[in-house]
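Report on the structure given below.
The values are calculated or read from the model by the stated rules, or taken from the named source; none is laboratory data. Here the structure is a predicted model, which means the values were calculated and not measured. Positions of Cβ are backbone-derived with ideal geometry, glycine not excepted, and every protein chain shown enters the neighbour counts.
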Amino acid sequence: MTNDFPQALTIAGTDSGGGAGISADFKTMQMRGVFATMVVVAVTAQNTLGVQDALAMPPELIDEQFASLAADFKISACKTGMLADPLRVKTVVNNLKRYNFGLLTVDPVMIAKGGAKLLSDDAIDVVRDQLLPLADLVTPNLPEAEELTQMTITTEATMATAGRRLQSMGAKNVLVKGGHFSSEDEANDYVLLENGRSFWLTSKRKKTRNTHGTGDTISSCITAELAKGKSMEEALRIGKAYVEATIKQGINVGHGHGPLNHWA
Ligand code: PLP
């Protein structure tokens with residue numbers, strides 16, 4: 001029996017509103033032609049207006065989900081999203097060391113657009129010290145890059161410095177997403193590759209409220225492309241183009257920050 005269709009894994013939280021987290025990952029991986037699997041780390045009660053509640057899964061159940069996947073699938077790329085707290089980060093780290101799920105993208109999700117904390121403050125050190133050294137790619141936005149590097153990032157030059165710092169912390173490749181610069185009309189992301197080469201991925205900023213799940217979408221698109229065997233640089237370029245297209249033709253669902261349009 002063959003097991004050769006490209007398979008990817010998202011290790012993250014759910015969004016009952018369907019726009020972010022594991023829903024965004026599944027939609028994106030599906031659209032990129034990759035079979036998606038999941039380890040649910042936390043469940044959120046959420047809609048386009050915000051996160052109303054969240055509950056992290058028992059560590060034993062997280063272990064069991066990893067074991068179920070390892071026993072049956074041939075996963076060639078995985079990503080982490082919402083990891084909730086130090087205990088769950090450590091549980092995920094242990095499982096990533098125990099099994100081989102291929103190339104690892106760490107999306108160091110910390111705070112949702114509405115302000116809800118998806119990672120507790122005391123878990124940031126654990127992400128930095130234990131998860132980043134396992135990462136083939138880390139994809140922070142600016143606030144996340146600031147937390148991980150303890151830098152203030154206000155210019156493209158400091159974005160690049162933060163990128164180098166993240167690489168020196170153990171992440172092989174780095175994508176620092178510049179979308180949080182408020183006054184710019186562009187959303188430019190800094191890439192630093194394993195071989196030391198760096199470049200910018202540029203795009204025009206689109207004025208829209210419908211940006212719920214953009215971070216999840218770019219990291220899961222990159223993960224899907226890596227699962228298909230694309231190079232890191234190709235995967236990053238496809239990820240940027242994919243998220244740009246899904247933002248550009250947003251859809252109106254809900255009353256707050258609506259989801260992306262994966263059918264654009
Ligand atoms: N909810 C979950 C479970 C997530 O993983 C994420 C992002 O990673 C979000 C919400 C954040 O969504 P937003 O794009 O609105 O900040």
Name the residue, out of Leu87, Leu132, Leu69, Leu104, that is at pLDDT 95 or above and part of a strand (DSSP E or B).
Leu104
So, in the range 107-129, exactly how many residues are more than 9 Å from the ligand (Cβ to nearest atom), part of a loop (DSSP other than H, G, I, E, B) and over 16 Å from the mean Cα position of the chain (by Cα)?
2
Checking Thr37 against (1) hydroxyl-bearing (Ser, Thr, Tyr); (2) within 12 Å of the ligand (Cβ to nearest atom); (3) within 16 Å of the chain's Cα centre (by Cα), which test does it fail?
(2)
Check Thr28, Thr44, Thr37, Thr10 and return the single one that is at pLDDT 95 or above, of a type in the set (Val, Ile, Thr) and in a helix (DSSP H, G or I).
Thr28
Out of (1) in a strand (DSSP E or B); (2) out of contact with any strand residue (DSSP E or B) (no Cβ under 6 Å at 6 or more places or on another chain), the one Lys79 does not meet is (2)
Output the residue which, of all residues in the range 193-241 that are within 16 Å of the ligand (Cβ to nearest atom), of a type outside the set (S, T, N, Q) and more than 14 Å from the chain's Cα centre (by Cα), is surrounded by the most Cβ atoms within 10 Å (Cβ to Cβ).
Arg205
I'm trying to understand the selection: among the residues of the range 96-129, which are touching a residue at least 60 places away in the same chain (Cβ under 8 Å) and either farther than 13 Å from Leu9 by Cα or in contact with a Gly (Cβ under 6 Å, 6 or more places away or on another chain) (or both)?
Asp107, Val109, Ala112, Lys113, Gly114, Gly115, Ala116, Leu118
So which residues in the range 212-236 are farther than 17 Å from Val138 by Cβ and assigned to a helix (DSSP H, G or I), if there are any at all?
Ala224, Ala227, Glu234
All but one of (1) within 16 Å of the ligand (Cβ to nearest atom); (2) under 19 Å from Leu69 (Cβ atoms); (3) not hydrophobic (A, V, I, L, M, F, W, C) hold for Gly102, so report the exception by its number.
(1)
